Structure formats: C-alpha cells, structure tokens
Amino acid sequence: MALPSTIYRASVNLSDLDRQVYEQLQATVAKHPSETEERLVARLLAYCLCYEEELNFAKGVGSGDEPDLWSKGPDGRVRLWVEVGLPDPDRLAKSCRHVERAVLFTFGRDKDRWLGQHLGKLAGAANLTVVGLDSAFVAGLAAGLQRVIDWSLTVTEGNLYLTAGGETVESAVEVLSGTPLA
C-alpha cells in the first residue's frame, strides 16, 4: 500500500515590494512521501515569489510531465512554468520552448555542481529565469515546519524577510540567469 501525502495548510501575508504584490495567501500543499521538508518549503517560497492570481500547485513530484507550479491562460496554454530543485535539464529546456516564461528555483547541497554542469546549456532559453535559494535558509525553515504554516513574507530589493513563530529570518534571492522576478 502506498503511503499517503501529508497535507500542510499555509497562510502567508505576502508583501512583495519589488513586484508591488500585496496578498493574504491561503494554500493547501501536499507533501509527497518521497519529498523532503526542504523541497516543500522551496515550493512554497516559489509560490510566493512568483505569485499571480492564476498560479497553482501542479502534481509535481508524482508527475514527470508537470512542473511544481504553473499558471495557465484563458486558452489553457501554460503561461508560467515553475520548477523547484535540480530537475532534468533536457526536460526543462524542452518545457521552455512551450511556455511564455519559466522559472527554476535551485537549492540543496548539490546545487553548485548541478549549476556548473547545466547552467550554460540552459542560458540559451531566453524565457528562463534561474534563481538560487540559500540552502541553509531553506533548511532552517524546514526544521521548524509545522502542518499549519503561518508566515509573513516581505520581499524588497531582492531580499526576503520571513517571520514565522515570532522569529524573523532573512535571505537574498539570487537571480543566477535570466530576467529578474520583478
């Protein structure tokens, strides 16, 4: 019998001064049994940093042909494709050819090696933005992760200020390739 996904309920007070987005976000996020808490945190951060009204969590880990997040236009075509982690670079490059815009959020201990091997090849995709998340920042958030997530997230001048449980932590959002998120 397969293990069920773990459900997290997130409430994020988002103040993204760089993009002029101010929202009270409510999201239900399923953590696949094979997924780490760090990856779940990275997906939630990606949701906040790319937030637009039509952005939704896709099947993600359980589906090889879908991103972690996407936004579709009225005609059903994918406008925004968001990946988290260190995906197959060929699949990501192929996806870039079929969407208006793609964003990859990288993190983890193998991030630098993966970027060294694949960033040059992905630089040919003009509609791809590659963002590096600080792995220690993501791991710290994952260490305190609760099933009910209550964050206040401020984004300004490329920096994140996240308050959870009365404690505020900060990190830079590093655009490694492509256009800024703003």
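Read-outs throughout are calculated quantities, based only on the coordinates presented, and are distinct from any laboratory measurement. Values in this document were obtained by computation on a predicted structure and should not be read as measured data. Note that each Cβ is placed from the backbone with ideal geometry, even for glycine, and that neighbours are counted across all protein chains shown.
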Please quote Rg/Rh for the range 1-103 to two decimal places, taking the Kirkwood radius as Rh and restricting both calculations to Cα atoms. 0.96
Residues 53, 35 arranged by fewest to most Cβ contacts within 10 Å: 53, 35
Within the chain, the percent of DSSP beta bridges that are antiparallel, given to the nearest 5, stands at 65 percent
Which value at 222 nm does the chain reach when only helices count, each DSSP H run of 4 or more adding -39,500 (n - 2.57), with the total divided by all residues and rounded to the nearest 500 deg cm²/dmol? -7000 deg cm²/dmol
Taking the Cα-to-Cβ direction at residue 143 and at residue 159 and moving 7 Å from each Cα, how far apart do the two end points lie in nm? 2.2 nm
Beyond 17 Å, how much of the Cα-Cα pair distribution for the range 86-141 remains, as a whole percent? 36 percent
In the set (1) 10.5; (2) 11.3; (3) 12.2, which value of mean projected area of the Cα convex hull in nm² was calculated from the structure you see? (1)
Check the straight Cα-Cα distances from residue 72 and name the aspartates and glutamates below 19 Å, setting aside those fewer than 8 residues away within the same chain. 52, 53, 54, 83, 100
Can you sort 72, 94 by how many other beta carbons sit within 10 Å, fewest first? 94, 72
Neighbouring Cβ atoms within 10 Å as the yardstick, rank 111, 121 fewest first. 121, 111
Mind ranking 25-34, 125-134 by how tightly packed they are, going by the mean number of other C-beta atoms within 10 angstrom, highest first? 125-134, 25-34
